[in-house]
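The values are calculated or read from the model by the stated rules, or taken from the named source; none is laboratory data. A quick note: this is a predicted structure, and the numbers were derived from the prediction, not measured. For neighbour counting, all protein chains shown are included, and Cβ atoms are generated from backbone atoms with ideal geometry for every residue, glycine included. For the accessible areas, the whole protein counts, side chains as well, though only heavy atoms, and no ligand, DNA or RNA atoms are used. Shrake-Rupley method; radii C 1.70, N 1.55, O 1.52, S 1.80 Å.
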Amino acid sequence: MVNNQINKLGSPRLEGARTRALEQRAIDADVVRRVQGGEREAYRELVLKYQHKIYGFVQGAVTNPEDAREITQEAFIHVYRGLDRFRFDSSFYTLLYRVAVNKTKRYQQSKIQTNKPQDSVEPTSLDHSPERLIERRQLMERIESAIDQLPQDQQTAIRLRELEGLSYSEIAQAMDCAEGTVMSRLFYGRKKLQEILK
């Protein structure tokens, strides 16, 4: 089952998500223009729309819930303060992820320097069937554990592509690197995951 899950990485199942992402990008751009036009309270729409996704990504990387909430809040504040300079070269979502990734990296670097242990959080599942809940939890624990063993750049690329459905271009913008670098990180990350999960 684990191998089946990993084999789905990069499969056509994400095409629908990418199509919806393009539609959402246009909707987000309209909200950003409203904020830039002086309707500052409209930013709340973007916060409500993306706070759980950003928090989920950050928590997957730092595990401590309080720190993840703080990093998430800092990311939204940082983007808000610079929104007047936003020129729509990328989607709002990509900009927000780029900021969240950078803030998460700084957090992790500070943790390495201070060697402060992080609290662990038990993963949850949306499946309410007891058998499926246990099975899915065990699967997700193995996959998350495997992802955690990857180099940080590969971890980020895998999470943005496979869990969030971002395109290569959007990941490249979020990680501030070339698309070829993204493809390389995904290739070696997937290969390493398959080795770990055998």
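Quick notes
- Members of region 146-160 found to be over 17 Å from residue 102 (Cα atoms) and in contact (Cβ under 8 Å) with a residue 40 or more places away in the chain, listed by number: 146, 147, 149, 150
- So residue 34, is it free of Cβ contacts under 8 Å to residues at least 12 places away in the same chain and part of a helix (DSSP H, G or I): yes
- Looking only at residues of region 83-123 that are in contact with a helix residue (DSSP H, G or I) (Cβ under 8 Å, 6 or more places away or on another chain) and β-branched (Val, Ile, Thr), we find that the one that is modelled with the lowest pLDDT is 121.
- Cross-chain or 6+ apart pairs with Cβ under 9 Å, region 40-55 first and within 19 Å of residue 23 (Cα to Cα) and open to solvent by 80 Å² or more (accessible area, probe 1.4 Å), then among the acidic types (Asp, Glu) and not in a helix (DSSP H, G or I): 53/164
- Matching residues, region 32-73, being of a type in the set (Asp, Glu) and over 25 Å from residue 155 (Cα atoms): 39, 41, 45
Yes/no per residue for (1) surrounded by 20 or more Cβ atoms within 10 Å (Cβ to Cβ); (2) of a type in the set (Lys, Arg); (3) part of a helix (DSSP H, G or I); (4) in contact (Cβ under 8 Å) with a residue 12 or more places away in the chain:
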| residue | (1), (2), (3), (4) |
| --- | --- |
| 61 | yes, no, yes, yes |
| 68 | yes, no, yes, yes |
| 72 | yes, no, yes, yes |
| 78 | no, no, yes, yes |
| 88 | no, no, no, yes |
| 95 | yes, no, yes, yes |
| 100 | yes, no, yes, yes |
| 105 | no, yes, yes, yes |
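- Lone unmet requirement of (1) more than 30 Å from residue 22 (Cβ to Cβ); (2) modelled with pLDDT of 75 or more; (3) of a type in the set (Lys, Arg) for residue 137: (2)
- Extreme residue, surrounded by the most Cβ atoms within 10 Å (Cβ to Cβ), among residues of region 147-168 that are at pLDDT 80 or above and among the small types (Gly, Ala, Ser): 157
- Residue in region 169-181 that is open to solvent by 30 Å² or more (accessible area, probe 1.4 Å) and at pLDDT below 80 present: no
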